[in-house]
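The values are calculated or read from the model by the stated rules, or taken from the named source; none is laboratory data. Keep in mind it's a predicted model, so treat the numbers as computed, not measured. For neighbour counting, all protein chains shown are included, and Cβ atoms are generated from backbone atoms with ideal geometry for every residue, glycine included.
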């Protein structure tokens with residue numbers, strides 16, 4: 001004796017079997033079931049096509065890409081500007097130090113000249129005075145020679161090879177967690 005199956009949608013005899021869901025259907029409901037599956041399949045196909053279209057648009061320069069490139073360019077410009085300003089500041093500091101050294105030496109020479117005039121004019125020139133004046137002129141000469149020596153002022157520069165540029169600026173894909 002044959003087994004009797006009832007249609008999943010109505011109470012009629014289920015003469016057709018859907019191999020996908022293993023459901024039994026009458027002829028009319030089987031066709032409706034197939035139409036529903038065809039519509040779902042078509043909907044999935046449309047969603048896939050829309051996604052392909054969106055990906056294709058992404059390959060063309062868009063606002064997001066332009067915004068990111070603009071952000072990178074802004075960082076570049078800011079970094080170059082900061083570097084330029086730092087170099088100008090340090091250059092000015094070097095010039096100021098050198099000029100200040102020259103001013104100090106000139107001031108010391110003026111004071112020494114005044115002492116020479118006073119000592120010579122007072123007729124109280126003693127060996128002790130001459131030795132003190134000699135020592136002052138030696139110090140001024142030493143200060144002058146030091147100020148002319150490039151090694152007397154040290155410019156501390158962080159070598160760019162010690163900067164890990166991969167950490168100063170890098171890209172991170174928040175959607176997938178990739179760096």
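General observations
- Check on residue 50, surrounded by 11 or more Cβ atoms within 10 Å (Cβ to Cβ) and either part of a helix (DSSP H, G or I) or at positive phi (or both): no
- Residue check, residue 12 without any contact (Cβ under 8 Å) to a residue 60 or more places away in the chain and within 30 Å of residue 152 (Cβ to Cβ): no
- Residue within the stretch 113-122 that is in a loop (DSSP other than H, G, I, E, B) and free of Cβ contacts under 8 Å to residues at least 40 places away in the same chain present: yes
- All of 103, 94 fail the test of being farther than 30 Å from residue 170 by Cα and touching a residue at least 60 places away in the same chain (Cβ under 8 Å), apart from 94.
- From the list 114, 99, the one residue that fits, being out of contact with any helix residue (DSSP H, G or I) (no Cβ under 8 Å at 6 or more places or on another chain) and at pLDDT below 90, is 114.
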